[in-house]
Each structure stands twice: as C-alpha cells, then as structure tokens.
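Before any comments, here is the structure.
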Amino acid sequence: MPTDYNYFEETRLGKPYDLALLRRMAPLARPHRRLLAWSVARVLLITLFDIDLPLLTKCADDRFIVPGRQETGAIPTAETAAGRRLGVDLSDPAAAAAAGRYPDLLQAEGAQASIAFEDLPKVAAGDLERLRRGDLAGLAWLTLAFVLMSLAGFALNFAQALVMEFMGQRIMHDLRMRLFSHIQNLALEFFTRNPVGRLVTRLTSDVQNMYELFTSFVSFLFKDLLLLIGIAAVMLALNWKLALVTFAVIPAVAAASIVFARRARDIFRILRVQVAEINSRFSETIGGMRVIQLFRREEANYRRFEALNHENYLAGMRQIRVLAVFMPLVEVLAVVAVALIIWYGGERVLDQTLSLGALVAFTAYIRMFFRPLRDLAEKYNILQNAMSSAERIFLVMDTTTMLPQPAVTAGGGPAIEAIDSVSFDRVDFAYVPGERVLKSVSFELRRGETLAVVGPTGAGKSTLVNLIPRLYDPTAGSVRINGCDLRTLPSGVFRDKMALVMQDPFLFSGSLRRNIFETDPGTEPGRVEAIIAAANLQALAARLPQGLDTPLGEGGALVSSGERQLISIARAFARNPQLILFDEATSYIDSQTEQLIQQALSRLMRHRTALVVAHRLSTVRHADRILVMNRGRIIESGSHPELMALKGFYYRLHQLHPNGS
Ligand code: ADP
C-alpha cells in the first residue's frame, strides 16, 4: 500500500471508538434532547409491543387452542396428566344442547361441564365447535389484540424512523454549516497544506457517516439492545432452564463477533484511506488537467489511478469476504439455537413441564433475538466509519490556523476612515518555518502615492502584496496601516478599503455580473455600465451570449487571462477602494489587451493610493517611487530616473529587458 501520498493523517488515526470522541459528539445531539427523550419513550413502547406478540401466540395456544395443559414449570403428576379436561359453559344454550347429545362423555357440575381431551375426537365437528364457543371467542379477541398491537407498533416504528431521520438530517445540516464556516475562516496557509479532495471528503462523506451514526447506530443501541435484553428476560421468565440451554450459543456468537471485529477494523481502515486517496488523486487530476493533457501524462496518470483503484478493489473484496462469512455464520448459530429449543424444549413438552405455546414462543423469540445480531456487522461498519469520520472532522475543527482577530472592544476598536499610510517595519516572512521569503522589509506608502515593486521572479513581490490585506501575518516585524499594527485591527476594517487585483484572479462559476458585483450591484443608475466601461469590459460583455448574465463556467473557463485581469479590475472598481494592490500578470498578454488593462488600471489608480508589482516599463515609469527587490530584500528604491542614474540592479534589469523586468 502506498504511504507516501501525504495521507498519514488518515493512516495514523488510531482507536476506532474513543470515549473522548463520543463525548465530543454529544453536543451535536444536545439541541434535540427533548426529541431524544420522546424517542426513548417510544422505543420502550415498541419493544414492549414486539416482545408481547409471541406472548399473545403463546396465550392463544395454551388458553384456547390446546387448553388444559400444564403451565410451565409445574411438576406433572400421573393424575393431572391423565385428567386433562376441557371445560364447557352450559349457560350457553347451544353448548348445553350439544352437551346433551353426549351424556356419557360429559360430566356436569352445575352450570359447568367438562370433557376429557382424549374423548374430543368422538364429538362431531359441528358439536365440537358449539362446545368450544368460549375458546373461539377468546381466540377472536386475541387476534384482534394481536392486529391492534401490530398496527400500533407499525405507527410507533414509523414515527420513530421519521424522528431519527429528522434528527440525523438536522445534525448533519448543523455539522456541515459549522465545518464550512470554520474552514472558510482558516488562514490561507491551511489550504496550501490540505488537498482540496481531502477537505471535500470532510464536508461530504465524513458528514454523511456521522449522519448514519445517528440514524442507524444510535437507533440500534436504543432499540435493538433494549429488545435483546427484553427477550432474554422474557425467555428466562417463561422457562429459565430452556432459556439457559438456548443461550449456550451466545458465547459462540460473541467469539465470532470478536474475530470479525478485529479483522474488519483493519480492512475498514485501509478502505477509508484508499477512498480518501482516490478522492484526492481525482481532484488533483481535474485541477491539473491542462498539464496532464499538454504533457501527455494521461497514460501514466491512468496507470497510477488504476493501481490505486485496484488496491481499493482488493480491500473491498477482503471486506466482502469477512462480511460474507459473518452473516451466514450468525444465521447458522440462530438455527442451532432453534434446534436446541426443539430438542430440549420438545422433550419438556412431552414430559409436560413446558406448554406447546411456550415452545412456539421460544422459537419466535430466538428469531427476534438473532435479527439484530445478524445486522451487527453492518452496524459495526457504520460505527467504525463514523468514528474515524468524527475524528477527522474534529481534527479540522481543532485546527486553529485562523489569523487571530483582536477582541472587539466596546467602542468597536480603532476606526479607520481613510488609509493614510501603509508601512512595513522590518518585516520577515516565511511560508515554511526557517525559509525566509521576506527579509527585514521596511518601506512606507503614503496616501495618493503610487509605488511600484520590481524584481526577478521569486524575489517575494507577491508575498509582500499578500501581507497588506493580512492574508498572512509576518513572522517578525509588523505591517501597519495609519500606524496601527494590522493584528490589532479587525480585518474587515481595512480589507473593505482595499482591492487586490491578482496575477491570475479566480473567477467563480456564476455570471459575469456576479463575479464583479457579488450580490449587490448598487442602486445608482448607470453604475454597472460605468464600471464595465471603465474596466474596458464592453467588448467581452457584448461577445458573451447573455451579456453580463452569462455563466462563466467553473473557474471562469470561458475567459482569457487578460480578460480575467479586466474582470478583476472591474471588481476593484465595484468596491471603490482607497488602496489598490495590483499584481501585474507576468504571462504574455497580447498588446491590444495589454493596452486595455493599462488603460483600465490607470483609470482605477487615478486619485487612489496604489502598490503595483510591475513587470512592464510603462507601469514602472508612472510610479512615484520604485522598490527593487531581490531574494526577499529591498535593495534599491527611488524614482525611475534616480534608479537609472544609480546604475545598479534596476539599471541592469532594464538593460536586460528594456520592455519589462
Ligand atoms: P514573486 O512574486 O517575486 O515572484 P513570490 O512572493 O511569489 O515571488 O514568492 C517568493 C518565494 O516564496 C518563492 O520562492 C516561492 O517559491 C515561495 N512561495 C510563494 N508562495 C508560497 C506558498 N504558498 N507556500 C510556500 N512557498 C511559497
């Protein structure tokens, strides 16, 4: 099994059922505790009804169908064995008339008469029915009770399933929302460490597994466990000796379950890891489709996926083999239990220490007893999955790589009306501990200024830009706005006042309009058109079949990278920010689009403060000041003529790339 996919998170996870985990799950069900309490009451009733049904058949057998037998546990005597008689109520005229026809068989005692069981075959069928009218009426009542209880059981079961399902759905809904909002607030660094596929699994199948835990496993614990205890109690009460003989199979069931649990646990875990790997590999394939197709890696990628899928298949087959042994094994043990009842119980019926009804009830009970045991394997699977899902969900929930937000004070914290200055004070930054990408960077950007940052690829320019909206926190030093450290300000306060136009802006799958304006295009008449015009997007809007309302496809697949920048500029216009952060695209953009971008950008920057990562001379020339970066440090700064006169790094960059850095 490959272990080098960075999935140690899944493989490392230990104990399948951890009490601490259960304790953490409890609060999820807490909002539904009243419903749960009702469920307990309902389950108690359902169990009572279920257990009563075989008792009713026993009653039908012993009281009305084959009455007069010894009750359970009584010691038979020769006299009682020979003297079993059927009572006849003579106050019923039809019964009295029938009795009159067999004076030598019936013994009358006042309003009651009786007839020996062995004489019953001598009575004609019609007369027998008249003599046994009382039994027939009793049977009818019992049948009615049986049907009514079954119906009530059905209604209760239905209500119970509905309520459990409702609770499961609510819990799943709440959990998913909690997880979503937690993930949404995590620092960006978290997302560079966790593949998308894995997070998708957290939010989908892991949450689904928890739901199944509530609907299937909890109801098993509640209902089936109660039923097992109830049945055992009734069996012991009916005939404790026969009950104990029957229970002789339980150690075998327990042994089978333990062996099964051990084997299943490993296989389930392997399967889970593999499913996570498959998800991850697949989402990586989708994300990297361009590279895969361009570099013709389809075959190699296919082989890798095939190997992964094959391992998953093998583990699946191993799981089936274990399951396929367990279920029939329990079935066989159930049959052994029935055989024991017939063998031992049958003998007791013959020697009159057990009624036939009790024997029938016992076989019914043992069937009921084994039904939940047979499903144990499935329930165990659910428990395993749910526990490891819970563990992984809590692992994400416990991740606190959120950028710490300052506690909001009563006055709402320091207010920022306008961004007067942005300053870096000896800022160090490392994505990976120890590998500094920014080294003691200090500069100040004042209101209304345009600052350009230039330097070779990897110098740390984009990183520097990302620190201004506090996408990351510096490792050392501080980033300040109006002299306030960003860490002391709620991020909404400054993010609202700035717009970041990234190199390759991300587009959502919604319409062009939604991508620019989110949900609020503003109420000013002509605002939308003005922004589209300012961002030079008229041509794109005219080209798209439904104009601004054309869905852009996932990741904005319909638009070119130049157009993406224009859309991103329009986004910035829509926010009307005070500070523009612009990361110029390094990729080749045709000169016409390039001109459109430059034009839109200069419109956007007019009367605004701007920091631009510049690659093109035209952009750099317009800047008030230029910072030259190399290997994480600012090595030169000044205006274009100053830097050219310096004949240093900047000058050499220009000699090399007269049209861009
Ligand atoms: P520039 O914009 O000047 O090309 P960047 O700021 O993008 O440079 O990158 C500076 C360094 O930081 C590079 O060595 C790059 O590999 C590294 N880097 C950038 N982003 C990340 C990240 N998310 N995780 C780890 N390293 C990163």
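No lab work stands behind these numbers, since they all come straight from the coordinates. For clarity, every value in this text was computed on a predicted model and none was experimentally measured. Note: ideal-geometry Cβ built from the backbone for every residue, glycine included; neighbour counts use all protein chains shown.
General remarks:
- Test: residue in segment 129-151 that is of a type in the set (Gly, Ala, Ser), away from the ligand (no atom under 16 Å from the Cβ), closer than 30 Å to Arg42 by Cβ and touching a helix residue (DSSP H, G or I) at 6+ places or on another chain (Cβ under 8 Å): yes
- For segment 179-194, a tally of residues being in a helix (DSSP H, G or I) and without any contact (Cβ under 8 Å) to a residue 12 or more places away in the chain returns 4.
- Scanning segment 171-210 for residues that are surrounded by fewer than 16 Cβ atoms within 10 Å (Cβ to Cβ), in contact with a Leu (Cβ under 9 Å, 6 or more places away or on another chain) and aliphatic (A, V, I, L, M) gives a single hit, Leu188.
- Of the residues making up segment 287-314, those that are in contact with a helix residue (DSSP H, G or I) (Cβ under 9 Å, 6 or more places away or on another chain) and β-branched (Val, Ile, Thr) number 1.
- Exclusive hit being of a type in the set (A, V, I, L, M), more than 22 Å from Ser421 (Cβ to Cβ), more than 45 Å from the chain's Cα centre (by Cα) and not in a strand (DSSP E or B), set Leu596, Leu548: Leu596
- Residue within segment 216-223 that is assigned to a helix (DSSP H, G or I), away from the ligand (no atom under 16 Å from the Cβ) and free of Cβ contacts under 8 Å to residues at least 40 places away in the same chain present: yes
- Restricting segment 276-298 to residues that are among the aliphatic types (A, V, I, L, M) and surrounded by fewer than 17 Cβ atoms within 10 Å (Cβ to Cβ) leaves a set whose member that is farthest from Ser205 (Cα to Cα) is Leu294.
- If you check Leu350, Leu314, Leu373 for being aliphatic (A, V, I, L, M) and touching a residue at least 40 places away in the same chain (Cβ under 8 Å), only one passes: Leu373.
- Identity of the residue in segment 599-643, in contact with a Lys or Arg (Cβ under 8 Å, 6 or more places away or on another chain), of a type in the set (Gly, Ala, Ser) and assigned to a strand (DSSP E or B), that ends up farthest from the ligand (Cβ to nearest atom): Gly638
- Considering each residue of segment 556-564 in turn, none proves to be in contact (Cβ under 8 Å) with a residue 60 or more places away in the chain and touching a Ser or Thr at 6+ places or on another chain (Cβ under 9 Å).
- Ala94 vs. criteria surrounded by fewer than 16 Cβ atoms within 10 Å (Cβ to Cβ), hydrophobic (A, V, I, L, M, F, W, C) and touching a Leu at 6+ places or on another chain (Cβ under 8 Å): no
- Within segment 144-170, the set of residues being surrounded by fewer than 16 Cβ atoms within 10 Å (Cβ to Cβ), touching a residue at least 60 places away in the same chain (Cβ under 8 Å) and over 30 Å from Met210 (Cα atoms) comprises Ala145, Ser150, Ala152.
- Every listed requirement among (1) surrounded by fewer than 20 Cβ atoms within 10 Å (Cβ to Cβ); (2) away from the ligand (no atom under 11 Å from the Cβ); (3) outside any helix (DSSP H, G or I) is met by Arg487 save one, (3).
- Among the residues of segment 465-483, those that are surrounded by 21 or more Cβ atoms within 10 Å (Cβ to Cβ) and more than 14 Å from the ligand (Cβ to nearest atom) comprise Val479, Ile481.
- Answer residue from segment 430-453, given it is β-branched (Val, Ile, Thr) and over 43 Å from the mean Cα position of the chain (by Cα) and is surrounded by the fewest Cβ atoms within 10 Å (Cβ to Cβ) among those: Thr450
- Taken over segment 422-464, the criterion of being within 19 Å of Ile626 (Cβ to Cβ), more than 8 Å from the ligand (Cβ to nearest atom) and outside any strand (DSSP E or B) is satisfied by Arg447, Gly448, Glu449.
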